1. May I ask you to list the aspartates and glutamates whose Cα is less than 14 Å away from that of K185, ignoring any residue fewer than eight positions away on the same chain?
2. Relative contact order, percent, of the stretch 32-105 when contacts are C-alpha pairs under 8 Å separated by at least 6 residues?
3. Pop a pseudo-label 7 angstrom from the Cα along the beta-carbon direction at both H196 and Q24 and give the gap in nm to one decimal.
4. What number, in percent, do you get for the relative contact order of the chain if the mean sequence gap of Cα pairs under 8 Å and at least 6 apart is divided by its residue count?
5. First measure r as the distance between the Cβ atoms of K6 and K185, then evaluate 1/(1 + (r/R0)^6) with R0 = 30 Å and state the FRET efficiency to the nearest 0.05.
6. Report the charge-dipole magnitude of the chain in Debye, nearest 20, computed about the Cα centre from +1 at each Lys and Arg Cβ and -1 at each Asp and Glu Cβ.
7. Leaving ligands, DNA and RNA out of it, report the carbon-plus-sulfur percent of the accessible area of the stretch 79-229 at a 1.4 Å probe.
8. Which value at 222 nm does the chain reach when only helices count, each DSSP H run of 4 or more adding -39,500 (n - 2.57), with the total divided by all residues and rounded to the nearest 500 deg cm²/dmol?
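The values are calculated or read from the model by the stated rules, or taken from the named source; none is laboratory data. Everything quoted here is computed from the prediction, not taken from an experiment. No Cβ is skipped: glycine too gets one built from the backbone with ideal geometry, and neighbour counts run over all protein chains shown. Just so you know, the surface numbers come from the protein's heavy atoms only, side chains and all, with ligands and any DNA or RNA stripped out. Shrake-Rupley method; radii C 1.70, N 1.55, O 1.52, S 1.80 Å.
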Amino acid sequence: MTQTTKIDALYIGSVQALWPGRPQSAINKTETLARLTLSHTGFERDRQADLSVHGGADKALHHYAGDHYPHWQSELSRPDLVPGSFGENISTHGLVETEVFIGDVFRLGEALVQISQGRQPCWKLNAHTGEERMAYNFQKTGRTGWYYRVLENGEVQAGDEIHLVERPCPDWSVAMVTAARLTRKVTAEDATALAHLDQLSDDWRAAFAKMSTGKLDEDTSARLEGSAT
């Protein structure tokens, strides 16, 4: 169960008006070498624009695997897509969605964090990268990254170690649960189990509770394309 790597980079950002006529966003994050204080709301100097869909206790930090960027560079002919391009807070190598699990507890520098859910990509990825199907491609490939809740506050800096402390849910990889959430292709039995998985974020547990009863009426196009913004 040993999984240890180092933090390659940390990224923080402020709320900005990035696209005329569209909502503000803090997706445009920049790398920092500073030692940051991490609390239950995230890094002290990081911000989110729309707290109804970003941030909060269950989405305090977004982790994205630096391992994925060579794939994006090749598939999209975009050598400019480098770690930090997708609005993540943390970049590492050696941890990917198929090998980490909902509920995994990691020591992150001095802090203690727990994986709470995968990322639900939205139209802001399209706007930020200039790729009109970026959010769709995130969803299709499963290369979404994941979110942490913070169990213990502490200081974190690039170069610090991140290592696995506990794995309470070894049957529910981030890849598996995120695919079930985003595609809604899930059995009623699995949806029921996920609705009762304490380590999963409240929002995703509620979504799986609806799926367990056959309610699949979420407007995916609005999220992926921004048609409802």
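1. K185 reaches D217, E218.
2. Relative contact order comes out at 25 percent.
3. Between H196 and Q24, the label points sit 4.4 nm apart.
4. Values: 490 pairs, mean separation 56.2, N = 229.
Reported relative contact order: 25 percent.
5. Details: r = 36 Å, r/R0 = 1.19.
With a Förster radius of 30 Å, E is 0.25.
6. On the way: 23 positive and 31 negative charges, 104 e Å.
Taking the Cα centre of the chain as origin, the dipole is about 500 debye.
7. Numbers: 3030 of 6480 Å².
Summing carbon and sulfur atoms, their accessible area is 47 percent of the total for the stretch 79-229.
8. Working: 7 runs with 58 residues, N = 229.
Computed ellipticity for the chain at 222 nm equals -7000 deg cm²/dmol.
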